[in-house]
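Below is one structure, written out as structure tokens; the observations come after it.
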Amino acid sequence: MLIVLKAQKTELSTNNSIIKVKLDLSRGGAINYISLSGTDRNLVNIYDEGRYIQQSFYAGKSLDRTSEGQSSRWSPWSWNPIQVGDAFGNRAQIIDFQKHKDTLYVKCIPMLWDMNNKPAKAVMEQWTILNENVIEVRNKLTCLRTDSLYEENILNDQELPAVYPISALHKLYFYEGKKPFINDTLSNPPAVNLSSGFWGRYHNISEHWMAFVNDDGFGMGVYNPQCTYFLAGMSGKPNQNEFHSSTSYIAPVKKEILNRNTVYEYTYYIVIGQLDEIREKVYELNINQPE
């Protein structure tokens, strides 16, 4: 695959006087920073290449490829292109980036998460659009695989996307009832800790969003109108910052088949603010979704 790099630049950012967003061009252009304008409190955990707010996809069956350099910790594993980099710390490579007003565009060659320095045969694109306190993100995966290792036509859960807020945002809220979009009572369960064996699984998120907020009710909401199944939880302990191993986690999830030549696109939204502001904005976004 021919890779043509533009002039070296490590960051792409935009700021609309409400929120500030940065993309890390040394890590596939994933979202590495979100804060209120005029502040420097980053709400995104960036402890390692598995964090950030990024594209991550799964295809085919899980394989033991340890003889080829696969991490023993992540074996067996399916085909898993990831935007930031792999489990060994090798990073995805940017092949294009652009900025136009409040829209940021990046294009990268992702890495296979479980393998050591093995670029995926795929291209990821991301359009990040800032509108008031909402970050609209359009993601596109173009699969360019020629192998038959992982087999075809296998359904896998897809993180749409994988979101890692800082663990200072430790209070989880969502709506899972049968009366969505009428401001019915929210659920606020304790966040499931990853040490229990896995993230929390939530199967009827009928308003299509979850949020982690701090003790003052301020935080980050994740809205994907396609998804009613979410994963969420915490690893480590609450009240830590962007560089700490402790983190919160949200992923809207949907089953999809990704074959060797699949082109897959989806849109999600990050909403920043007080909990009531997050829900209000999700309601506005929901009204404008196509039937």
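Data for the structure
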| quantity | calculated |
| --- | --- |
| Unmet requirement for Pro110, which otherwise passes all of (1) loosely packed, with under 15 Cβ neighbours inside 10 Å; (2) touching a Gly at 6+ places or on another chain (Cβ under 8 Å); (3) within 14 Å of Gly29 (Cα to Cα) | (1) |
| Subset of region 95-107 (residues that are within 21 Å of Leu130 (Cα to Cα) and of a type outside the set (Ser, Thr, Tyr)) | Asp96, Phe97, Gln98, Lys99, His100, Lys101, Asp102, Leu104, Val106, Lys107 |
| Tyr173 being more than 24 Å from Ile34 (Cα to Cα), hydroxyl-bearing (Ser, Thr, Tyr), within 20 Å of the chain's Cα centre (by Cα) and surrounded by fewer than 23 Cβ atoms within 10 Å (Cβ to Cβ) | no |
| Condition check for Ile46: part of a strand (DSSP E or B) and among the β-branched types (Val, Ile, Thr) | no |
| Among residues of region 236-284, those that are within 24 Å of Val192 (Cβ to Cβ), in contact with a Lys or Arg (Cβ under 7 Å, 6 or more places away or on another chain) and either surrounded by fewer than 16 Cβ atoms within 10 Å (Cβ to Cβ) or of a type in the set (A, V, I, L, M) (or both), counted | 1 |
| Tally of residues being over 18 Å from Thr185 (Cα atoms) and either under 17 Å from the mean Cα position of the chain (by Cα) or at pLDDT below 95 (or both) across region 201-221 | 3 |
| Residues of region 130-150 classified as acidic (Asp, Glu), at pLDDT 95 or above and assigned to a loop (DSSP other than H, G, I, E, B), total | 1 |
| Residues of region 66-92 that turn out to be free of Cβ contacts under 8 Å to residues at least 60 places away in the same chain and part of a loop (DSSP other than H, G, I, E, B), as a count | 12 |
| Residue match in region 108-129 (condition: of a type in the set (Gly, Ala, Ser) and assigned to a strand (DSSP E or B)) | yes |
| Selection count where residues are assigned to a loop (DSSP other than H, G, I, E, B) and surrounded by 14 or more Cβ atoms within 10 Å (Cβ to Cβ), scope region 187-203 | 3 |
| Complete set of residues in region 141-170 that are closer than 23 Å to Gly28 by Cα, acidic (Asp, Glu) and surrounded by fewer than 16 Cβ atoms within 10 Å (Cβ to Cβ) | Asp157 |
| Residues that are among the basic types (Lys, Arg) and in contact with a Lys or Arg (Cβ under 9 Å, 6 or more places away or on another chain), drawn from region 40-99 | Arg91 |
| Cβ pairs under 6 Å, 6+ apart, first in region 267-281 and within 18 Å of Thr128 (Cα to Cα), second part of a helix (DSSP H, G or I) | Tyr269/Leu285; Val271/Ile278; Val271/Lys281 |
| Residues of region 225-282 classified as touching an Asp or Glu at 6+ places or on another chain (Cβ under 9 Å) and aliphatic (A, V, I, L, M), total | 7 |
| Selection within region 23-78 - of a type in the set (Lys, Arg) and under 17 Å from the mean Cα position of the chain (by Cα) | Arg27, Arg51 |
| Contacts under 7 angstrom Cβ, first residue in region 166-186 being assigned to a loop (DSSP other than H, G, I, E, B), partner charged (D, E, K, R), 6 or more apart | Ser167/Lys237; Tyr175/Asp184; Tyr175/Glu207; Gly177/Asp184; Pro180/Glu207; Phe181/Glu207 |
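The values are calculated or read from the model by the stated rules, or taken from the named source; none is laboratory data. Please read these numbers as outputs of a predicted model, since none were measured by experiment. Neighbour counts run over all protein chains shown; Cβ positions are idealised from the backbone, glycine included.
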